[in-house]
Amino acid sequence: MPAFSTPYIAGTDANRTIKDALAEVLTRRSARKRISVTDLINPRQAFLGRTHPEIQPSPERQQTMMAGTGFHDAFGRAVSTEEFVEQLVEFQEIVGKIDIYEDHPVEVKTTGAIPADPIGWRPYNVEQLGMYCTMVQRPRGHLIYFRRSEWGRPSDLKAYALEFADLPSIAAEMGRRRDLLRRALEAGDPAGLPRCEWFGRQCDYEAICGCALAPPLERLIGYGTVRVQEAVELTRRLVDGIGAVPFPRDRVALNDLVFPRKAAFRRGPGGQEDGETAQDRMASFQRRAFDDALKDAIWYGFPGQCRYRRVSLGSVSASVMLFHDVPTILRTYRRREMVDRRRLAEEVPFYVDRLAFECALTDSPRGRLVVYYSEVPEDKFMVYDFWFRDLPEIRAEMQRRLDLLESGAEPSELPACQPAWMMNRCQFAPGCRCVEG
């Protein structure tokens, strides 16, 4: 079934100007002057990144990096507090940002697999934690690996406790790499820098890196200098803490008006106990984190052109993002090809209805839907401008749904969720009977 708002759509345009501007913002790199821990992991790659800004990572790699950044930020705030998340530290003219630093450094890594042997699998992760431990003079730290949920494989999480036996040796190697990188940048020549960790592994700079003739990278750590132990109890506490925030029974959210039948089930007896596993919650957390990273890219990439406006309808209160003064929603869609703009209301009716509702609440006939197609290889963005007519009628339908929810109406009295494939992910199916609706 198409979106409720289909009869109210006056037109749909693909906005190429905004699309190109968003793509440019995502590839833009800020100039760095200070040497960081990340630079010291692969000094040659750090040199090339600063001296060849014209070489950009592929869209797939950008997506992976953004997903990791978003998850780090969201994960840290879910399991810790603002006081301890993303802590900047300095040591001998080297800077670093620790994901979580309370009593000791904690680094979070998003990966496609969880290693049984962190030292042998990706030693640079262990080295990074070792550098942070050295900078704050704490011999003990934690590495947390979060396995992404991809193509039917569940997400997972595991924590390791690491204890470094020789912090002074790590400090000496950090200073040596710092000095090598400084001299290379001053001379404009990477000849003295060690071979990159990514040599022969599809590095973005492989055509110009010169790694084949470079000396090998000397390891900061080894099996004799760090002790690794699985932190079973910490893993359990993190999995419990990352769970989704319960839906309040006494408050209707704006998205409940998009999926009112699901909201009615959720507010009914037993609705809180939705039966989601820890893996389900982590996968959902992963998706939200990536969406937040995209929103941050827009927010900070267009200073002064984004703002949030508070709106309300009865007891419903929400914030609407205005981009160039147009209500804008950003969504990530896992699809291998882009949707024909004429079929958006059928393919993703929940996107279109949410946009229509935000337009009605802001009295704006124009709304903007930004879709990031995560599985499309290259050209990932589409920006659709929708024009809606009869905004008061859209608002009246929102009020009708709200009144039914607040009165405790039976789920069958409310519009069914669409499209039908959503039943595969719904905890209330097939009893919800949305397909019949």
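Points worth noting:
- Residue, surrounded by the fewest Cβ atoms within 10 Å (Cβ to Cβ), within the range 42-63, restricted to residues that are at pLDDT below 90 and in a loop (DSSP other than H, G, I, E, B): Glu54
Residue by residue, here is whether (1) under 22 Å from Phe91 (Cα atoms); (2) of a type outside the set (Gly, Ala, Ser) holds:
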{"residue": "Gly120", "(1), (2)": "no, no"}
{"residue": "Val126", "(1), (2)": "yes, yes"}
{"residue": "Gln137", "(1), (2)": "yes, yes"}
{"residue": "Arg140", "(1), (2)": "yes, yes"}
{"residue": "Ile144", "(1), (2)": "no, yes"}
{"residue": "Arg153", "(1), (2)": "no, yes"}
{"residue": "Asp156", "(1), (2)": "no, yes"}
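- Criterion: modelled with pLDDT of 90 or more and within 30 Å of Pro419 (Cβ to Cβ) - qualifying residue of Asp39, Asp13: Asp13
- Within the option set Arg343, Arg310, being loosely packed, with under 15 Cβ neighbours inside 10 Å, in a helix (DSSP H, G or I) and modelled with pLDDT of 90 or more holds for one residue only, Arg343.
- In the range 384-421, residue farthest from Leu344 (Cα to Cα) [restricted to those that are of a type in the set (A, V, I, L, M) and either out of contact with any Leu (no Cβ under 7 Å at 6 or more places or on another chain) or open to solvent by 80 Å² or more (accessible area, probe 1.4 Å) (or both)]: Ala409
- For first residues located in the range 299-310 and closer than 17 Å to Glu24 by Cα, partners that are aromatic (Phe, Trp, Tyr) and loosely packed, with under 15 Cβ neighbours inside 10 Å and lie 6+ apart or on another chain with Cβ distances below 9 Å form the pairs Cys306/Tyr300.
- Counting only strands (runs of 3 or more DSSP E) wholly contained in the range 90-174, the ones carrying 2 or more residues that are open to solvent by less than 30 Å² (accessible area, probe 1.4 Å), free of Cβ contacts under 8 Å to residues at least 40 places away in the same chain and not polar (S, T, N, Q) occupy 94-101, 105-111, 140-147.
- Residue in the range 216-237 that is in contact with a strand residue (DSSP E or B) (Cβ under 7 Å, 6 or more places away or on another chain), buried (at least 17 other Cβ atoms within 10 Å of the Cβ), hydroxyl-bearing (Ser, Thr, Tyr) and modelled with pLDDT under 90 present: yes
- When residues of the range 282-307 are limited to those that are at negative phi and assigned to a loop (DSSP other than H, G, I, E, B), the one modelled with the lowest pLDDT: Pro303
- Residue match in the range 317-335 (condition: more than 23 Å from Gly301 (Cβ to Cβ), part of a helix (DSSP H, G or I) and not β-branched (Val, Ile, Thr)): no
- Taking the range 353-378 as the range and being assigned to a loop (DSSP other than H, G, I, E, B), among the charged types (D, E, K, R) and farther than 23 Å from Asp292 by Cβ as the test, the residues that pass are Asp363, Glu378.
- Restricting the range 409-427 to residues that are in a loop (DSSP other than H, G, I, E, B) and of a type in the set (Gly, Ala, Ser), the residue that is farthest from the chain's Cα centre (by Cα): Ala409
The values are calculated or read from the model by the stated rules, or taken from the named source; none is laboratory data. If you're wondering where the values come from, they're calculated on a predicted model, not measured in any experiment. Virtual Cβ from ideal backbone geometry, glycine too; neighbours counted across all protein chains shown. Just the protein is used for accessible areas: all its heavy atoms, side chains included, with ligands, DNA and RNA removed. Shrake-Rupley method; radii C 1.70, N 1.55, O 1.52, S 1.80 Å.
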